[in-house]
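The structure appears below as structure tokens.
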Amino acid sequence: MPEPLRPNPDELLAAIRKDESKSHSGRLRIFFGMAAGVGKTYAMLKAAQDRLKEGVDMVIGTVDTHHRAETEMLLAGLPLIPRKRITYKDTALEEMDIDAILARRPQLVLVDELAHSNIPGSRHPKRWHDVVELLDAGIDVYTTINVQHIESRKESIESVVDIKIRETVPDSILERAYQIILIDIAPAELLKRLSEGKVYLGDLAEAAARNFFKEDRLTALREIALRLTAEKVDNQLQDMITVRESDTVWKATERLMVAVSHSPYSEGLIRATRRLAFGMEAPWIGVHVDTGIALSDQDKATLAKNLSLVRELGGEVVSTADLDIAQALRRIARQRNVTQLIVGRPGRRQFRDLLHGGTILDRLVRESESFDVHVLRQETKRSAVSKDHLKIEYKSGMSIYGLVISAVAVVALIDSLLLPLIGYRAVGFIFLLTVLVMGMLVSIGPILVAAVMSALIWDFLFIPPYGTFRILAPEDIAMCGAYLFVAIATGTLTNRIRKRERMLRLREERTQVLYDIVRTMAASHNRQEFMSLTAEKLGAILDGKCSIAASNQDGRLERKIFPFREWSQIDREWAVAQWAFEHGKQAGWSTDTLPSADGIYIPLRGTSETVGILAYHPQGKVRLLQEEENLLSTVARQLAISLERELLQERSQQAERLAESEKLYQTILNSVSHEIRTPLTAIIGFTSALQSDQLSANTESRRQILGELSDNAERLNNVVTNLLDLSRLNSGMLSLKKDWHDINDLIAVVLGELQKTLSDHPIITRSAESLPLIQIDFNLFKQALINLLSNAAAYTPSGTTIELEITVTGGAVTLKIIDNGPGIPSEFLPYLFDKFYRVPGTPSGGTGIGLAIAKAIVEMHGGIIEVVNIPKGGACFSIKLPIEKQPELPKESENL
């Protein structure tokens with residue numbers, strides 16, 4: 001009786017995790033169509049109106065109606081998040097405001113045109129990136145997309161419509177969708193809508209009718225859209241089948257499966273399955289069952305060739321490990337909802353078939369109630385098959401056989417000594433125990449030798465009459481025959497248990513390595529670190545050297561290899577890696593592309609691009625097993641996901657920096673242009689006035705104009721000086737020229753230079769006695785104080801005092817600048833030292849960089865600058881500089 005089939009634990013766990021991940025994120029509903037004008041946006045808005053009536057908190061993130069009247073009517077009553085204005089190349093444009101949506105946190109948001117490319121400077125380069133962030137935040141999304149924008153269908157659709165498609169969305173986004181709603185319409189009806197102006201207006205409609213909107217092209221697009229939707233439904237059905245407990249196959253559609261091995265006959269089975277699948281328009285898979293048998297290099301090459309053929313012909317490869325091939329095929333057929341299984345006719349091996357309950361074909365036909373079995377004729381001589389099986393069965397070396405024979409001889413010697421005490425029947429049990437122990441240590445070949453040899457020795461030496469193989473007593477004949485059968489059967493079963501244990505242990509080791517690699521990727525914050533650790537762990541389990549090369553921001557493969565770098569210096573090997581990266585296909589040793597290379601190069605393909613290369617160089621030219629190739633592919637997928645995530649984060653940060661740069665550019669332009677234009681305008685005006693003949697004789701007027709010229713030139717000089725200081729500070733090229741100075745001398749110099757600026761503000765200075773010297777860059781620190789005092793004079797009423805207080809507290813010199821103005825609103829205090837920041841409502845004038853420069857200079861000296869409002873009114877800026885070890889001053893001469 002066959003074992004009840006249980007769900008595959010790995011696939012069951014993956015399905016549970018998939019459901020859990022979906023439960024923590026928002027749900028995506030895609031309104032899908034073959035072309036523009038089928039009614040995707042209309043259907044989305046109609047569904048949104050229904051959800052609004054149900055009381056769902058929903059908003060419109062972005063919707064483009066293309067001025068279609070019936071679509072615009074559905075916007076009525078739907079809450080709208082205003083779009084964000086972004087300036088790009090001096091043009092104000094609008095994009096969806098994802099920050100406002102995340103702050104609002106509705107239950108549902110409408111995002112039209114999923115494949116749209118965002119304006120440079122936006123949070124993300126693509127709109128589907130915005131949708132992913134919304135889903136990860138737990139917000140449901142309704143969106144629309146046409147079939148030509150699906151990444152996997154891009155090339156086939158380009159050949160149909162003869163148009164280059166530039167905007168695509170990775171298929172992984174479709175996989176995240178819990179529902180895809182196909183908006184289907186007949187091509188003739190769509191062409192009618194186009195002629196009525198319901199798709200495009202004016203010249204656009206005429207251009208569309210001449211090019212894209214042809215009935216034959218629309219029919220092809222419709223078929224592709226229908227097939228893609230059917231695939232999504234089929235995948236959802238497969239997920240449901242994974243977690244159900246019934247053994248029944250749901251024959252919703254035909255699905256074929258072919259058994260693939262290292263046999264040369266598998267090639268014919270694969271091609272036949274492809275022909276059947278093509279005729280039925282059905283998906284098909286090729287299954288390889290690893291029974292733990294050690295394969296020769298030639299067998300490994302044949303197996304790899306057969307599995308590669310499955311992939312080339314459009315099939316899916318599934319590998320599993322099991323000692324029972326028939327049971328494994330039944331399990332995979334049930335898990336994948338297979339309706340037809342294609343196998344070759346197996347050879348008859350009487351003894352083995354007796355032990356296993358018949359041939360694989362007999363068991364499949366007898367035990368399979370949910371799928372049909374097709375047996376294909378093999379056009380090859382039967383003798384070749386028999387030889388192949390004989391070659392596979394016996395892999396132990398002669399030394400193992402010698403040890404087994406020696407062990408049986410030693411046990412026979414011991415039994416001869418114990419014979420008078422235990423009798424010849426007990427001797428048989430000792431021989432049986434010996435065979436069982438050997439079953440735990442050696443392979444099936446030596447076990448059979450031990451069983452037959454021990455039976456012959458027992459008969460010849462211990463069963464009466466001694467010294468002959470003839471047995472007189474009927475019960476001894478039965479006992480000897482039973483012993484031989486039990487010894488062979490138990491030895492074989494023990495060996496199978498050992499093989500199964502070895503397979504489980506190897507699978508556990510590989511699973512542990514994969515777990516360690518994924519954990520390293522998740523925990524590491526350094527890309528170089530996790531790439532090196534991943535390569536080392538993978539190389540150790542595969543007995544070779546692994547290394548990883550990642551792409552840069554520009555999408556080019558960098559010649560920075562972690563951790564095994566030698567091959568990257570060999571131009572021939574690097575050329576193979578480049579080919580694999582550019583074409584997105586494996587290349588190198590043991591592949592069909594550039595097989596003369598020393599290593600195999602696997603492209604790390606993410607959801608939307610190739611992000612690097614995983615290279616494997618074997619210690620010897622021993623071909624990898626299928627399980628090992630699967631491990632390489634799995635690690636490559638995990639690496640691709642991790643590297644792509646980091647790459648997208650870097651690009652997102654770069655986009656944010658670009659947006660900040662654009663904002664900063666506008667702020668600088670607005671602020672600096674005013675600050676430069678004002679004194680320049682005055683200088684030009686006063687210069688023109690000086691050229692007047694009427695002022696030539698008026699000395700007093702000339703003196704006033706020259707004073708104004710000097711003031712405006714000084715103002716312009718201060719603006720340029722601050723901009724240059726800020727530029728040097730940002731570039732990191734500014735170096736300090738520190739020396740010892742008296743802070744009172746510094747204050748005196750600053751007040752002298754600002755005498756005119758501070759003329760309307762009485763200055764009160766309070767200084768502690770015996771102040772220590774401070775080690776500073778005099779000119780830079782002078783500029784910091786000039787900026788602080790100028791700021792106090794500019795934003796306090798004329799006639800108010802400005803106080804300077806110098807004290808020594810807690811190992812630091814503290815300088816306070818206290819004004820008696822209106823103070824600073826508390827909500828703006830945290831931003832006061834930001835570049836180009838000006839408190840809202842302050843009088844015009846100033847660039848907003850003086851305080852930022854002062855803060856940077858103070859911090860370069862190891863100090864701290866703070867600002868607080870004082871209770872009596874006004875603001876207090878304080879600078880704290882640490883007191884350093886004082887220099888030794890030269891002693892004054894006694895003769896002076």
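Key figures for this structure:
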quantity: Exposure rank, largest accessible area first [PHE469, PHE581; 1.4 Å]; calculated: PHE469, PHE581
quantity: Alpha-carbon Debye profile of region 71-199, log10 I(q)/I(0) at 0.10, 0.12, 0.19 Å⁻¹; calculated: -0.41, -0.60, -1.30
quantity: Accessible area per residue in Å² at 1.4 Å probe, computed on region 811-886; calculated: 46 Å²
quantity: Full-stretch length increase - SER308, ASP50 - with 0.36 nm per residue and alpha-carbon distance subtracted; calculated: 87.9 nm
quantity: Inter-label distance, nm, simple model (7 Å from Cα along the C-beta direction), SER710/PHE828; calculated: 3.3 nm
quantity: Sorted peptide list for 416-429, 116-129, criterion being average Cβ within 10 angstrom, highest first; calculated: 116-129, 416-429
quantity: Accessible heavy-atom area order of ARG703, ARG68, highest first, probe of 1.4 Å; calculated: ARG703, ARG68
quantity: THR699 accessible area, 1.4 Å probe, all protein chains in place, Å² to nearest 10; calculated: 90 Å²
quantity: Spin-label proximity, LYS885 to region 799-817 - amide N less than 17 Å from point 7 Å beyond Cα toward beta carbon; calculated: none
quantity: Modelled FRET efficiency - R0 25 Å, THR807 with ASP742, Cβ distances, 0.05 increments; calculated: 0.95
quantity: Share of alpha-carbon pairs per 10 Å distance bin for region 416-478, given as whole %; calculated: 22, 48, 27, 4
quantity: Rg to Rh quotient for region 260-312, alpha carbon positions, Kirkwood Rh; calculated: 1.02
quantity: Rounded D (µm²/s) - region 543-635, Kirkwood Rh over Cα pairs, Stokes-Einstein at 37 °C, 0.692 mPa s; calculated: 250 µm²/s
quantity: Length gained when the stretch SER195-ALA409 is fully extended (0.36 nm per residue, less Cα-Cα span); calculated: 67.4 nm
quantity: Apportionment of accessible area to carbon and sulfur, region 469-540, percent (1.4 Å); calculated: 62 percent
quantity: Per-residue SASA entry for TRP284, accessible area with 1.4 Å probe, Å² rounded to 10; calculated: 20 Å²
quantity: At q = 0.15, 0.17, 0.25, 0.27 Å⁻¹, base-10 log of I(q)/I(0) for region 787-860 (Debye sum, equal scatterers on each alpha carbon); calculated: -0.59, -0.75, -1.36, -1.42
quantity: Local electrostatic count at THR41 - Lys and Arg +1, Asp and Glu -1, tallied over other residues with Cβ under 13 Å; calculated: -1
quantity: Heavy atoms of VAL160: accessible area, 1.4 Å probe, square angstrom to 10; calculated: 50 Å²
quantity: Set LYS756/LYS885; LYS499/LYS585; LYS585/LYS621; LYS192/LYS232; LYS738/LYS855 screened for pairs whose C-alpha atoms are more than 27 Å apart; calculated: LYS756/LYS885; LYS499/LYS585; LYS192/LYS232
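The values are calculated or read from the model by the stated rules, or taken from the named source; none is laboratory data. Computed from a predicted model, the values in this text were never measured in an experiment. Reconstructed Cβ throughout: ideal geometry from the backbone, glycine too, with neighbour counts over all protein chains shown. Heavy atoms of the whole protein, side chains included, go into the accessibility calculation; ligands, DNA and RNA do not. Shrake-Rupley method; radii C 1.70, N 1.55, O 1.52, S 1.80 Å.
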